[in-house]
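Written out below as structure tokens is the structure these notes cover.
The values are calculated or read from the model by the stated rules, or taken from the named source; none is laboratory data. As the structure is a prediction and not an experimental result, all values here were calculated from the model. Note that we place each Cβ from the backbone using ideal geometry, even for glycine, and neighbour counts take in every protein chain shown. We work out accessible area using only protein heavy atoms, side chains counted, and drop any ligands, DNA or RNA first. Shrake-Rupley method; radii C 1.70, N 1.55, O 1.52, S 1.80 Å.
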Amino acid sequence: QVQLVESGGGLVQAGGSLRLSCAVSGSIFDRNTMGWYRQAPGKQRDLVALITSGGYANYADSVKGRFTISRDNVENTVYLQMNSLKPEDTGVYYCKIITSSGGSWGQGTQVTVSS
């Protein structure tokens with residue numbers, strides 16, 4: 001069974017940076033697309049960024065130019081570098097491995113951006 005463990009969240013002032021990591025167990029990491037999602041209080045979980053097995057990245061308009069998704073297929077880890085953070089970036093950030101059967105989620109990591 002695949003397990004995903006996020007880390008790197010925390011409290012940061014507006015304009016600051018954080019780097020999230022998501023370590024994935026199992027042998028399917030390098031064959032699948034990975035995604036970062038976030039859920040603000042009282043809102044639905046939204047896609048932030050995706051990266052394919054070949055390294056092609058796609059971003060939500062709200063984070064383009066500020067966030068960078070990357071992956072290390074040797075370490076089975078996906079990263080989300082978040083720069084120029086805004087209060088509206090606050091939420092729980094989840095990583096997901098996307099497979100043909102749907103995929104699996106991590107437990108989430110809290111990011112709080114103060115103004």
statement: Output for the stretch 1-60: trypsin sites (Lys or Arg not before Pro) sitting in coil per DSSP, at most 15 other Cβ within 10 Å, listed by number, reads 43
query: Where in the stretch 58-115 are there trypsin sites (Lys or Arg not before Pro) that are in a DSSP coil and have at most 11 other Cβ atoms within 10 angstrom of their Cβ?
result: 64
query: Hey, which lysines would be in cross-link range of residue 64, C-alpha to C-alpha under 18 Å, not counting anything within fewer than 8 residues on its own chain?
result: 86
task: Rounded to whole Hz and in sequence order, give me ³J(HN,Hα) for the stretch 79-90 from the Karplus expression 6.51 cos²θ - 1.76 cosθ + 1.60, θ = phi - 60°, writing x for Gly and Pro.
output: 10, 9, 8, 10, 10, 6, 5, 10, x, 6, 7, 4
- request: Just need the relative contact order of the chain here, percent rounded to a whole number, with Cα pairs under 8 Å and 6+ apart.
  value: 36 percent
- request: Return the Cα extents of the chain along principal axes one, two and three, sorted largest first, each rounded to a whole Å.
  value: 41, 26, 22
message: Taking amide H atoms as placed 1.01 Å from N in the peptide plane, list the residues 5 or more away in sequence, or in a different chain, whose amide H sits under 5 Å from that of residue 99.
response: 104
message: In whole Hz and in residue order, list the ³J(HN,Hα) couplings for the stretch 63-77 that follow from phi through the Karplus curve 6.51 cos²θ - 1.76 cosθ + 1.60, θ = phi - 60°; x for Gly and Pro.
response: 10, 4, x, 10, 10, 9, 9, 8, 9, 10, 6, 7, 8, 6, 9
query: Residue-wise, which Karplus ³J(HN,Hα) couplings in Hz belong to the stretch 15-25, taking 6.51 cos²θ - 1.76 cosθ + 1.60, θ = phi - 60°, and x for glycine or proline?
result: x, x, 9, 9, 10, 8, 10, 9, 8, 10, 8
message: Rounded to the nearest percent, how much of the accessible area of the chain (1.4 Å probe, protein heavy atoms only) is carbon and sulfur?
response: 46 percent
message: Cut-off 10 angstrom, C-alpha nodes, Gaussian network model of the chain. Which of 28, 51, 69 fluctuates the most?
response: 28
11 Å beta-carbon shell around residue 50, net charge (K/R +1, D/E -1): +2
query: How big is the gap, in Å, between the Cα center of the stretch 1-27 and the Cα center of the stretch 56-110?
result: 8 Å
statement: Any aspartates and glutamates whose Cα falls less than 17 Å from that of residue 96, other than same-chain ones fewer than 8 residues away, would be 6, 30, 46, 72, 75
field: Solvent exposure of the stretch 24-115 as accessible area per residue, Å², 1.4 Å probe
entry: 50 Å²
